[in-house]
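Working notes, beginning with the structure itself.
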Amino acid sequence: MICDNILASFNTRDRKLRVFRERNKMGCCQSSLFRRRVRENHHHPEKQQQQPYHHQLPHRNNNNNNNNLNQIDGEKESATVDPSSFTFSEFSLSDLKAATNNFSSEYIVSESGEKAPNLVYKGRLQNQKRWIAVKKFSKAAWPDPKQFVEEASGVGKLRHPRLANLIGYCCDGDERLLVAEFMPNDTLAKHLFHWENQTIEWAMRLRVALYIAQALHYCTSEGRPLYHDLNAYRVLFDEEGDPRLSCFGLMKNSRDGKSYSTNLAYTPPEYLRNGRVTPESVIYSFGTVLLDLLSGKHIPPSHALDMIQGKNNMLLMDSHLEGKFSTEEATVVVNLASKCLQYEPRERPNTKDLVTTLAPLHTKPDVRSHIMLGIPKQEEAPSTPQRPLSAMGEACSRMDLTAIHQILVATHYRDDEGTNEVTDGAVVLILLLLVGCYAIIFEFGLVQLSFQEWTQQMRDMLEARKRGDYAFRDKDFKTAIDNYSQFIDVGTMVSPTVFARRSLCYLLCDQPDPALRDAMQAQCVYPDWPTAFYMQSVALAKLDMHKDAADMLNEAAALEEKKQRGARGS
């Protein structure tokens, strides 16, 4: 089989040198990256160790006996933050257009898509690794540019690990845009209400409640106590899976002061009376988020209070959590939600009370959030290429294995040349051809297998691929590896898509070495296939070969652009 022995002696100590030598020796993978000469002592710049970032609140007593304050403030002792990523600055409109591919609809990350009144886009600044979120207001939202800049600058002073921090703005003509840290792992609403494989476990729900309470307490202590339209869509998950509060809610959505986009049933009663948001209104909204966390549904506060007053607390609980949560802890959260939802604002707790109540419930501090969420950890991504990326390119550039999986499932086998999806009719045709071939070679005594054994081998091979496809779709990646391996080992049919899929399975099973080999095999079968190059980029980045990963990403984008030009020309 083509490239069977490629990287056979691949090992950790001299991984890079052997990758390049073997590829050049085999002569089957002709990317410009692997045609160049590689120095024997390839230099890997060492990462500078970053100091933990601790935002000091005013008037704090910073002695060694102040652990309770650390819990209240939400400081993460292990957090490492690049200080440059917290620089608040003005962005040019051209920079943001380039980052979002001219505000392409493909880059929209707003939950309501293009229907949202103020769209949020994801983007990537040229020659930078970090991703950004760009909120684009309607032209009438902020007619006074001075007011917009002042409001943005005020929010931009806030810096905290529990916030998706505001890092800049753009005020150009009629354009009003905010730029924030991009959170790649969706919203609380997505994980609570629209989950696919697993619901959020109880300990993670408690962590969400605590972290958002800490974010609100920090904002309050910094003189920004008002948060507009706090709900499950405002809670975002970062690359580690940690929940963060979106900074966009710290600014009003429009000049008319409209602060709530949700159904009136979830709106603080005092806002319905006078149209004003107060710090107590934020506490009420936090209570609705607690209800979401308890129930896994969006329950109107009035219905929830009826159940609580009727001593039917357990009816509030998400049925998917049955037998998997502490009744005592749930009672504490239910009682706190009840206090937050009191009709009279003065009867509600303050942000410090929220944290003090929730902090003792955080019982799994050593378990990483991405593990509790059941999502792959986002890895360091290669730098952005100098040309716009497709959806596949973007997913690979930010090491988003979940998005890559979705794309490969949707693409299916249409990129295979001559090995497109094998239907039942195609199987029959193949078998008929085999009958003819068998008859010919049988005459010359060249076959040792019986016809039945031969055709059964073909059926087994195709069934193995089908089982692999089902397992891949259902995210059972170990089973997919086993079945795809059966298909590949027979060797009668060669499919670059199968290699790409198995490569991703290996990545999701934390096996980057075989993932790289499979991505290279896919390129051997289909030399100009961008997906093969993209998968190599991801595998190389997983192996900490980030310069080579960036080069491979650029080459994949160039191949994709060339392919698109050819399609337009035809």
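Of all residues in the range 507-516, those satisfying the criterion of being surrounded by fewer than 24 Cβ atoms within 10 Å (Cβ to Cβ) and at negative phi are L508, C509, Q511, P512, D513, P514.
Note on the range 308-324: among residues that are of a type in the set (A, V, I, L, M) and buried (at least 17 other Cβ atoms within 10 Å of the Cβ), the one that is farthest from C340 (Cα to Cα) is L321. One residue stands out among those in the range 126-168 that are of a type in the set (A, V, I, L, M) and under 19 Å from G223 (Cα atoms): the one that is most open to solvent (accessible area, probe 1.4 Å), which is V149.
The residue that is modelled with the highest pLDDT, counting only those in the range 378-393 that are open to solvent by 10 Å² or more (accessible area, probe 1.4 Å) and either assigned to a helix (DSSP H, G or I) or within 17 Å of E561 (Cβ to Cβ) (or both), is M392. When the range 339-349 is filtered for residues that are buried (at least 18 other Cβ atoms within 10 Å of the Cβ) and part of a helix (DSSP H, G or I), only C340 remains. Within the range 323-338, the residues that satisfy the criterion of being within 30 Å of the chain's Cα centre (by Cα), part of a helix (DSSP H, G or I) and either of a type in the set (A, V, I, L, M, F, W, C) or within 15 Å of K311 (Cβ to Cβ) (or both) are A330, V333, A337.
Kindly list the number of the only condition in (1) buried (at least 20 other Cβ atoms within 10 Å of the Cβ); (2) hydrophobic (A, V, I, L, M, F, W, C); (3) modelled with pLDDT of 90 or more; (4) assigned to a loop (DSSP other than H, G, I, E, B) that fails for V367. Only one criterion is unmet by V367, namely (1).
Yes or no: V179 at pLDDT 90 or above and within 26 Å of N350 (Cα to Cα)? So V179 does not fit the description; no.
Take the residues in the range 192-221 that are outside any helix (DSSP H, G or I) and over 22 Å from E329 (Cα atoms); name whichever of them is most open to solvent (accessible area, probe 1.4 Å). The qualifying residue most open to solvent (accessible area, probe 1.4 Å) is E196. Quick check: anything in the range 132-139 modelled with pLDDT under 90 and more than 25 Å from the chain's Cα centre (by Cα)? Yes; the residues of the range 132-139 include at least one that is modelled with pLDDT under 90 and more than 25 Å from the chain's Cα centre (by Cα). The set of residues from the range 524-547 being open to solvent by less than 10 Å² (accessible area, probe 1.4 Å) and under 23 Å from the mean Cα position of the chain (by Cα) comprises P530, A532, F533, Y534, M535, Q536, S537, V538, A539, L540, A541, M545. Look at the range 96-111: where a residue is surrounded by fewer than 16 Cβ atoms within 10 Å (Cβ to Cβ) and a partner is assigned to a helix (DSSP H, G or I), sitting 6+ places away or on another chain with Cβ atoms under 8 Å, you get S105/E114; E106/A391; E111/A189; E111/K190; E111/Y233.
The values are calculated or read from the model by the stated rules, or taken from the named source; none is laboratory data. Quick caveat: nothing in here was measured; it's all calculated off a predicted structure. Here the Cβ is made from the backbone with ideal geometry for all residues, glycine too, and neighbour counts use every protein chain on show. To get the accessible areas, we keep the full protein, side chains included, count just its heavy atoms, and leave off ligands, DNA and RNA. Shrake-Rupley method; radii C 1.70, N 1.55, O 1.52, S 1.80 Å.
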